[in-house]
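Taking it in order: structure first as structure tokens, then the write-up.
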Amino acid sequence: MTTMVDNSALQQALAALRGTMAEAEQWALANKVADLERRAATGLQDLYVAFCGLFSAGKSSLINALVADADLATGAVPTTAEVTAVRTQVEARGLVLLDTPGVDSTDASHAEATEAALHMADAIIFVMDYQHVESEENIELARAFVDSGKPLYLVINQVDKHIEWELPFSEFQRRVEQTFRDHGLTYERIYYTSTRDAAHDETARLKADLEQLASTGDELVRKSLLLAADTLVRQFVTGEHAPEMAQAEERLYDTIGYVPFDEDEAQALQSDAERELQRLTAQMDAQRTQLRQTLEALGDEVRRQIQLAQIAPYETTEKGRLYVESQRPNFKVGGLFGGQRKTDAERAQRLEAFVRDLSERTEKFLVWPLQGQLRQWLETTAWADEAMRQSVEEIRVPAVSSLCQQTVNSGALMSEQYPYQYVKDVVGQVKSQVQAQVNGLLEAWRAPLEAHAARVTASERTEKEKAEAAHAAVSRWLSVRAAMAAACGQYMAPLRQLLTSQTEPGWNT
Ligand SMILES: Nc1nc2c(ncn2[C@@H]2O[C@H](COP(=O)(O)OP(=O)(O)OP(=O)(O)O)[C@@H](O)[C@H]2O)c(=O)[nH]1
Ligand SMILES: [Mg+2]
């Protein structure tokens, strides 16, 4: 089984990526893509292994021991200043060992050089001095190598310093491995080496394994190239989206106070905000509904009271009957000697008697009790204001006189039953006019009620605005992240297609 990589297509895809980065003036990234292009140009023939670690761990000495004709400078003080490549040949493949300057926190240029070597490396050999394995700096460095995602080999060098009677070597090994496990640091394998004479030296083993890695390294090289490209693309996309991301993050700090760790956390925050919004909306609706219901209940009560009010008992009805009977065309008073004047006077007098009686009763048995009821309601209503109180005092007895005259149905006058119907009609008119006044008043009370509802729910509204702002901020962040992921995916798609393992069975096995 042989895996074929279309090298010219790969070079083209990388060149396109470099072009995009150059266009955006991301020169450092474009140059790193150019490194990958050079690897593609040689048909991915070389395997790069970076030797990294703190200074004086013995990186250069170890490479000298592994490669017969290597002659790297070594020394007790920081020695290697820049990345040096030592090239050997293993069958058809070049094996390139990259010696790197020791990483120490004081020299940034060394860290940069190591980073550059890591970018080229297909595998990392992390060299440690026997005495510094558990040091904080060493563990921190190990973490960075693990995070790079490249195959990591640990080398505990200078094991000639081990004194067997102090601690059995197997116990030392157990402790070292435990330390890495405790820190959650994963690796391919550990080697114990020495460039001096030492009982437990595995340099030969390391050399054999490196050669093995080189001879079977196709998959590793492709994976590592993909990883290197992916790292560069991520850096590029992150840079391109930096202003948007900074804005999105600022909004997050302003609302929830921090940036979510990942999409999952962001989505959980979204759901929290949505639930909170629902809860607050329900709470506000409930409060508002409750307030509105008090006004509706009052309206119902008032309507009932108006309907039940007795404003035309027997005597009043009689007065109504007498008046309406006087409206018949054949109505006359004073017998033969009665004149039109007398008849008119009688009619006017009957009208006045009915109107006065009905007015008085309307006032006493309808308007006053109604005002009493409304006043009482206002007294128990916290949000009642002066204008509302005033509007109750302004309820008036309707213009009964004109109502009485207008309601007469001249076509029905001669009917025996009509007078009773007439009084009912007049009473209905009076009541509906009072009802209309009350309706107008209750309608006007809606505004103060809504204003009060707004005051009562003010804190919920503030909370709601907060939740809405949080939701919007997280959404924004998620959408920037999604745009970044989509951009990464788009840039990486051709490379992924070319470099992802495509085995061709039965061909040239
Ligand atoms: N005892 C002992 N000393 C060693 C061993 N390997 C290297 N040394 C010594 O340790 C010192 C540092 O060795 P280098 O190979 O220069 O270490 P390095 O990791 O390349 O150091 P920098 O390039 O400065 O980061 C030198 O004095 C070496 O002689 C070893 O296996 N045992
Ligand atoms: Mg060195």
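Using r as the Cβ-Cβ distance of residue 455 and residue 373, and R0 as 25 Å, what FRET efficiency do you calculate, to the nearest 0.05?
Approximately 0.45, to the nearest 0.05.
Eight or more residues apart or on different chains, and alpha-carbon atoms under 18 Å: count the Lys pairs in the range 7-240 matching that.
So the count of such lysine pairs works out to 5.
Once amide H atoms are built 1.01 Å from N in the peptide plane, which residues 5 or more positions from residue 189, or in another chain, come under 5 Å H to H?
Under 5 Å from the amide H of residue 189: 154.
Based only on other Cβ atoms within 10 Å, what is the fewest-to-most ordering of 269, 295, 232?
Ascending Cβ contact count within 10 Å gives the list 295, 269, 232.
Tell me the relative contact order for the range 7-240 as a rounded percent, counting alpha carbon contacts under 8 Å between residues six or more apart.
Taking the mean separation of contacting Cα pairs over the length of the range 7-240, I get 20 percent.
So, in Å, what gap is there between the alpha-carbon centers of the range 164-239 and the range 321-389?
About 109 Å separates the Cα centre of the range 164-239 from the one of the range 321-389.
How do 378, 351 line up, fewest other C-beta atoms within 10 Å first?
Going from sparsest to densest Cβ surroundings: 378, 351.
Helix 108-120 sits at what angle to the longest principal axis of the chain, using alpha carbons and giving 0 to 90 degrees rounded to 10?
Once rounded, the angle reads 90 degrees.
Based solely on its DSSP helices, what 222 nm [θ] is calculated for the chain when runs of n ≥ 4 H residues each add -39,500 (n - 2.57) and the sum is averaged over all residues, nearest 500 deg cm²/dmol?
When only DSSP H runs of four or more count, the value is -21500 deg cm²/dmol.
Taking 0.36 nm per residue of separation and subtracting the Cα-Cα distance, what length does fully extending residue 433 through residue 177 add?
Value of the extension gain: 82.6 nm.
If I model a spin label as a point 7 Å beyond the Cα along the Cα-Cβ vector, how far apart are those points for residue 188 and residue 241 in nm?
Inter-label distance under the simple model: 3.2 nm.
Please compute the length gained on full extension between residue 315 and residue 332, using 0.36 nm multiplied by the number of residues separating them and subtracting their Cα-Cα distance.
3.8 nm
In terms of modelled amide H atoms, which long-range or inter-chain residues lie less than 5 Å from the amide H of residue 47?
94, 95, 96
Restricting everything to alpha-carbon atoms, can you work out Rg to Rh for the range 7-240 with a Kirkwood hydrodynamic radius?
A ratio of 0.99.
Where the only charges are on Cβ atoms (+1 Lys, Arg; -1 Asp, Glu), what is the dipole of the chain about its Cα centre, to the nearest 20 debye?
Computed charge dipole of the chain: roughly 4240 debye.
Quick check on packing: order 177-187, 42-52, 198-208 by the mean number of other C-beta atoms within 10 Å, highest mean leading.
In decreasing order of mean packing, 177-187, 42-52, 198-208 become 42-52, 198-208, 177-187.
From zero up to wherever the largest Cα-Cα distance of the range 159-235 sits, split into 10 Å bins and tell me the percent of pairs in each.
All Cα pairs, binned at 10 Å, distribute as 15, 30, 32, 17, 6, 0 percent.
How high is the relative contact order of the range 310-443, in percent, counting Cα pairs under 8 Å that sit 6 or more residues apart?
Working: 105 pairs, mean separation 43.9, N = 134.
Answer for the range 310-443 is 33 percent.
Tell me the volume per residue, in Å³, of the convex hull enclosing the alpha carbons of the chain.
Spread over its residues, the Cα hull of the chain gives 306 Å³ apiece.
Compare the Cα positions of 48, 34, 215 along the charge dipole of the chain (+1 at Cβ of Lys, Arg; -1 at Cβ of Asp, Glu; about the Cα centre) and return the one farthest towards the positive end.
After comparing all options, I get 34.
From the C-alpha coordinates alone, can you work out the Kirkwood hydrodynamic radius of the range 70-129, in Å?
When all Cα pairs of the range 70-129 are included, the Kirkwood radius is 12.7 Å.
Step through the residues of the range 370-380 one at a time and calculate ³J(HN,Hα) from phi using the Karplus curve (6.51 cos²θ - 1.76 cosθ + 1.60, θ = phi - 60°), rounding each to whole Hz and writing x for Gly and Pro.
Coupling constants for the range 370-380: 5, 4, x, 5, 5, 4, 4, 5, 5, 4, 9 Hz.
Compute the helix-to-body angle for 242-255: its Cα long axis versus the longest principal axis of the chain, expressed 0 to 90° and rounded to tens.
50
Under a point spin-label approximation (7 Å from Cα along Cα-to-Cβ), what is the residue 286-residue 212 distance to one decimal in nm?
6.9
Using every pair of alpha-carbon atoms in the range 1-135, split the distances into 10 Å bins beginning at 0 and state the percent of pairs per bin, rounded to integers.
Histogram of Cα-Cα distances, whole percents per bin: 12, 35, 31, 18, 5.
Regarding the range 310-443, what are the three Cα extents along the principal axes, ordered largest first, in Å?
On the principal axes, the range 310-443 reaches 68, 24, 22 Å in Cα extent.
Using θ = phi - 60° and the Karplus curve 6.51 cos²θ - 1.76 cosθ + 1.60, what whole-Hz ³J(HN,Hα) does each residue of the range 138-146 get, with Gly and Pro shown as x?
5, 5, 4, 5, 4, 4, 4, 5, 4
Where does each of 79, 457 land when they are ranked from fewest to most other beta-carbon atoms within 10 angstrom?
Ascending number of Cβ neighbours within 10 Å: 79, 457.
Readers should treat all values here as calculations from the given coordinates under stated rules, not as data from a laboratory. What you see is a predicted model, and the numbers here were worked out from it, not measured in a lab. Because the Cβ atoms are built from the backbone with ideal geometry, glycine has one as well, and the counts that use them run over all protein chains shown.
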